[in-house]
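First comes the structure, then the notes that go with it.
Values in this text are rule-based calculations from the coordinates and carry no lab data. These figures come from a predicted structure and were not determined experimentally. A quick note on method: Cβ atoms are made from the backbone with ideal geometry, for glycine too, and the neighbour counts reach across all protein chains shown.
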Amino acid sequence: MKDNFQVKRHGKFKEVWRRLKKSKTAMFGLVVLSIFILAAIFAELLIPYSVALKQNIPIRLQGPSAEHWFGTDGYGRDLFVRILHGSRRSLSIGLIATASSLFVGLIFGAAVGYYGGAFDNVVMRIMDTLSAIPATLMALAIVAALGSNMVNLIIAISIARIPAFVRIIRAAILGVVDLEYIEAAHAGGAGDFRIIMTHILPNIVGTLIVQTTMTTAQLIMRAASLSFLGLGILPPEPEWGALLSEAREFMRPAPHLMVFPGLAIVLSTLSLNLLGDGLRDALDPRLKS
Amino acid sequence: MYKYIFKRLLMIIPILLGVSLIIFFILQLTPGDPASLILGAGSDQAAIDQLNEELGYNRPVFVRYFSYVYNVIFKLDFGISYRTRLPVYDNIRGRIPVSVMVAFGTIVFACLLGIPVGVLSAVKQYTALDTVPTVISLFLAALPGFWLGMMMMYFFSLKLGWLPSNGVGSWLHYILPIVSLGLPYAAQELRFTRSSMLETIRQDYVRTARAKGASERTVIWRHALKNALLPVITVTGGNFGVLLGGAVVTESLFNIPGLGSLIITSIKIKDVPTVMGCTMILAVMFSLILLGVDLLYAAVDPRIKAKYSK
């Protein structure tokens with residue numbers, strides 16, 4: 001694996017894309033995911049946010065119809081529009097939280113893997129401690145302490161993911177740090193930062209991409225579950241978990257209120273998982289099972 | 001071996017101290033003081049001050065942290081709940097078995113479903129017996145457990161009236177929570193078993209077993225499965241630990257009086273001692289389970305056992 005990432009990167013990515021295209025499930029994931037992301041980006045252009053908040057009591061709790069595709073909620077708001085605008089929050093929370101934990105994980109993982117010693121020991125023990133706290137619990141405590149809003153929710157769910165990224169990156173660096181080509185780079189006068197960025201990290205880009213897609217899926221679910229508990233994004237702001245929490249009240253008269261937001265979560269996480277699986281196989285065909 | 005166990009047990013101590021430190025200081029960021037929470041917002045300021053003084057809340061935060069740790073370690077005293085004003089441990093004690101029951105039931109359900117189907121998928125690779133479970137498991141893995149719980153509650157409790165939807169009166173009450181929590185985990189067990197099994201059945205010793213004339217059944221279920229289960233054990237142990245504290249959402253959905261639902265209510269009303277107590281209990285159980293998994297590893301794999309006894 002080490003060698004074939006060192007060959008021309010341009011050709012490498014073309015090759016990965018060629019293999020990825022052959023996997024129908026990965027392509028399905030990519031298409032569905034793209035639709036979700038495009039919908040989230042252009043939500044405001046499609047239907048203004050004010051529609052998602054507009055109450056219309058006389059038509060409350062209606063089932064799906066031509067006018068209201070996914071029906072209406074307890075205040076007569078259009079559920080489709082709420083899910084559409086909810087996608088902005090749910091997806092960006094998942095993506096931003098993943099990116100932040102990856103970023104912090106990269107810094108610490110690279111530093112401890114590269115420098116080792118006492119620093120490595122201290123950081124890894126802190127990571128062990130963080131992993132001994134159940135992720136949901138830690139997120140709950142952080143949101144409760146800092147207050148329920150989007151930024152705090154993102155902080156809360158990212159922290160619990162940091163140890164996993166630190167471990168992956170540290171392990172990858174330990175695997176190559178003693179190899180001759182790193183020594184050669186040193187001899188060639190490259191600095192530590194340059195060596196990490198250009199000689200070590202490209203080796204684990206594949207693993208990281210796969211981890212990132214899977215983590216995003218997990219964090220979308222975790223954010224939804226926190227909002228569902230009332231410790232995250234709070235109603236009336238639409239977020240998929242918050243929509244499910246509102247749906248709880250009307251389970252008997254209006255089950256559609258829980259079906260559609262749930263399907264939105266399932267489809268987005270499923271597409272991320274399928275894409276992640278496809279990428280893993282495409283990046284390293286030998287792992288294909 | 002004993003030396004290894006002892007060493008591992010010792011290593012749990014700093015981890016627990018770290019966990020208590022992190023959670024304690026996160027919870028300190030919560031606005032408000034305990035006496036106002038206990039007495040209610042509109043109460044007499046003098047009474048609030050007096051109660052805060054009694055609870056020791058006016059001491060510096062580090063003093064409070066160390067006295068908390070001291071009380072927990074030397075007196076097994078987790079403090080007084082702000083809500084019930086009873087010792088925290090009394091509130092928690094009755095809930096531990098409920099949470100363990102849910103987590104254990106979920107893991108057993110997930111393994112009983114996921115592992116055999118996973119083995120079957122691997123043995124019958126590329127047939128319908130492989131693709132159908134694999135596709136289903138992909139969907140299940142993408143399902144949030146609490147949503148599955150809501151849907152099942154709707155169908156089996158509200159529509160069909162077959163199963164109770166909340167509380168823990170009888171074993172029937174455990175079915176919906178365990179199945180809805182367990183299906184996504186079963187999917188994970190299936191995927192791990194399948195890929196581990198696929199690797200194992202291509203190994204030389206499995207071919208040797210076949211060559212010696214062992215029946216296909218013996219080869220798969222006795223020879224191959226034993227080795228293939230190793231990675232599955234790790235995942236299962238980790239899941240068990242996560243489930244103990246992570247069933248929070250499902251517990252609150254089905255009104256199950258476990259640790260998870262206690263944590264939720266306590267966090268919402270800022271009952272810091274109760275949250276701390278639950279967290280510490282969960283962290284202890286989690287660490288012990290991880291140790292148990294490693295020991296189980298040694299029991300299953302003599303190579304690992306040899307490494308430990310050095």
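Based on the Cβ-Cβ distance from B:ILE73 to B:THR234, what FRET efficiency comes out when R0 is 30 Å, to the nearest 0.05? My answer for the efficiency is 0.50. As a proxy for reagent exposure, A:THR212, B:THR106, A:THR136 were ordered by neighbouring Cβ count within 10 angstrom, fewest first; the result is A:THR212, A:THR136, B:THR106. Gain on full extension, evaluated as 0.36 nm per residue between B:LEU17 and B:VAL100 minus their Cα-Cα distance, stands at 27.6 nm. Once whole DSSP H runs in chain B are found, which of them have Cα atoms spread over 15 Å or more along the helix axis and a mean Kyte-Doolittle score of at least 1.0? Answer set is B:2-28, B:95-123, B:128-141, B:225-246, B:272-300. Alpha-carbon geometry of region A:208-289: the Rg and the Dmax are 15.8, 52 Å, given in that order. Remark: mean inter-chain Cβ contacts per residue of A:73-83 equal 0, using a 10 Å Cβ-Cβ cutoff to other protein chain atoms.
I'd like the Kirkwood hydrodynamic radius of the protein assembly as shown, using the inverse of the mean 1/r over distinct C-alpha pairs, in Å.
On the way: mean 1/r = 0.0381 Å⁻¹.
Result for the protein assembly as shown stands at 26.3 Å.
Taking the inverse of the mean reciprocal distance over all distinct Cα pairs, the Kirkwood hydrodynamic radius of region A:127-265 comes to 17.7 Å. A Stokes-Einstein calculation at 4 °C with viscosity 1.567 mPa s, built on the Kirkwood radius of region B:111-172 over Cα pairs, returns a diffusion coefficient of 93 µm²/s. Applying a length cut-off of 18 Å (Cα extent along the axis) and a mean Kyte-Doolittle floor of -1.0 to the DSSP H helices of chain A leaves A:24-41, A:79-115, A:117-131, A:162-176, A:201-228, A:256-283. Computed from the C-beta positions of B:GLN203 and B:LEU172 and an R0 of 41 Å, the FRET efficiency is 0.40 to the nearest 0.05.
For region B:68-210, the square roots of the Cα gyration tensor eigenvalues, ordered a ≥ b ≥ c, give a/c of at least 1.5 with a/b no greater than b/c, which places it in the oblate category.
With contributions of -39500 (n - 2.57) from each DSSP H run of at least four residues, the per-residue ellipticity at 222 nm computed over the protein assembly as shown stands at -24000 deg cm²/dmol. Averaged over the residues of A:217-226, the number of partner chain Cβ atoms lying within 10 Å of the residue Cβ comes to 3.
Taking other C-beta atoms within 10 angstrom as a stand-in for reagent exposure, B:TRP147, A:TRP17 fall in the order A:TRP17, B:TRP147, fewest first.
Charged neighbours of B:THR200, selected by a Cβ distance under 14 Å, balance to +3 (K, R count +1; D, E count -1). Panel order for B:VAL248, B:VAL219, A:VAL122, by other beta carbons found within 10 Å of each beta carbon, from fewest to most: A:VAL122, B:VAL219, B:VAL248.
Gyration tensor analysis over the Cα atoms of region B:3-152 returns equivalent ellipsoid semi-axes of 47, 22, 14 Å (largest first, whole Å).
Once the Cα-Cα distance is subtracted from the 0.36 nm per residue extended length, the B:ILE5 to B:ASP90 segment shows a gain of 27.6 nm.
Answer rounded, prolate or oblate for region A:56-174, using the Cα gyration tensor with square roots of eigenvalues a ≥ b ≥ c: rounded when a/c is under 1.5, else prolate when a/b is larger than b/c, else oblate. Here region A:56-174 falls in the prolate category. Centre-to-centre, using Cα atoms only, region B:46-106 and region A:235-281 are separated by 36 Å.
Normalised Debye scattering of region B:1-50 at q = 0.17, 0.27 Å⁻¹ gives log10 I(q)/I(0) of -0.66, -0.93, counting only Cα atoms as equal scatterers and leaving out solvent.
Counted over chain A with a bin width of 10 Å, the fraction of Cα pairs per bin, in whole percents, is 6, 24, 28, 22, 13, 5, 1, 0. Please pull out the direction-averaged projected area of region B:151-310, using the convex hull of its alpha-carbon atoms, in nm² to one decimal place. Averaged projected area of region B:151-310's Cα convex hull equals 13.5 nm². For region A:255-280, the residues whose amide N sits under 14 Å from a probe point set 7 Å from the Cα of B:LYS159 along the beta carbon direction are A:255-260. Just check region A:1-132 against the gyration tensor rule for me: Cα atoms, a ≥ b ≥ c as the square roots of the eigenvalues, rounded for a/c under 1.5, and otherwise prolate or oblate depending on whether a/b exceeds b/c. Since a/c reaches 1.5 but b/c is at least a/b, the shape of region A:1-132 is classed as oblate. For the residue pairs B:LYS3/B:LYS226; B:LYS124/B:LYS226; B:LYS7/B:LYS307; B:LYS226/B:LYS307; B:LYS7/B:LYS305, the C-alpha atoms sit more than 25 angstrom apart in B:LYS3/B:LYS226.
Of all the options A:GLY278, A:GLY230, A:GLY86, the one that moves most in a Gaussian network model of chain A with Cα springs shorter than 10 angstrom is A:GLY230. Overall, the ratio between the Cα radius of gyration of chain B and 2.2 N^0.38 Å, rounded to two decimals, is 1.23. Shape analysis of region B:47-132 based on the Cα gyration tensor places the equivalent ellipsoid semi-axes at 52, 14, 12 Å, largest first.
Packing order of peptides B:78-87, B:96-105, highest average first: B:96-105, B:78-87 (average count of other Cβ atoms within 10 Å over each peptide's residues).
Between B:VAL61 and B:PHE25, what length in nm is gained on full extension when 0.36 nm per residue of separation is reduced by their alpha carbon distance? Can you show the working numbers first?
Values: separation 36, 0.36 × 36 = 12.96 nm, distance 0.86 nm.
The span from B:VAL61 to B:PHE25 would gain 12.1 nm if fully extended.
The mean count of C-beta atoms from other chains within 10 Å of the C-beta of residues in A:139-151, rounded to a whole number, is 5.
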